[in-house]
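J.: Starting off with a structure, shown below.
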Amino acid sequence: MSLYSRYTAFRYDPAIEQTLSSAREATTGTTITRQEGFVAAQLLRSEESPGVRRSITTWRSPEAFESFYH
């Protein structure tokens, strides 16, 4: 079975780190986890570059990803 992973990097003001982390914790396990074709997600924080996060989501197909994000 093949899977599709999507990588996204984004920047934010490091001053909102706690707010961003709290928002993620409050919404983990909501909409995306119920999306058909969703497999897993990781949100990575950079220790070398404050204010940078990387998101990796894994889907059963590119179409499953597209139906969620578009």
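J.: If the chain between residue 44 and residue 3 were fully stretched, how many nm would it gain, using 0.36 nm times the residue separation less the Cα-Cα distance?
T.: Contour length minus Cα-Cα distance gives 12.8 nm.
J.: Of the accessible area of the chain, with the probe set at 1.4 angstrom, what percent is carbon plus sulfur?
T.: C and S fraction of accessible area: 51 percent.
J.: Okay, next question. Taking only the Cα atoms of the chain, how large is their convex hull per residue, in Å³?
T.: Considering the Cα atoms of the chain, their hull volume per residue is 95 Å³.
J.: While we're on this one: Dipole size in debye (nearest 20) for the chain around its Cα centre, Lys and Arg Cβ +1, Asp and Glu Cβ -1?
T.: The dipole magnitude comes to about 80 debye.
J.: Could you give the accessible area per residue of the chain, probe 1.4 Å, as a whole number in Å²?
T.: Each residue of the chain exposes 74 Å² on average to a 1.4 Å probe.
The values are calculated or read from the model by the stated rules, or taken from the named source; none is laboratory data. Predicted, not measured: the structure shown is a model, and the values here were computed from it. All Cβ positions, glycine included, derive from the backbone under ideal geometry; neighbour counts span all protein chains shown. What goes into the accessible areas is simple: the full protein's heavy atoms, side chains included, and nothing from ligands, DNA or RNA. Shrake-Rupley method; radii C 1.70, N 1.55, O 1.52, S 1.80 Å.
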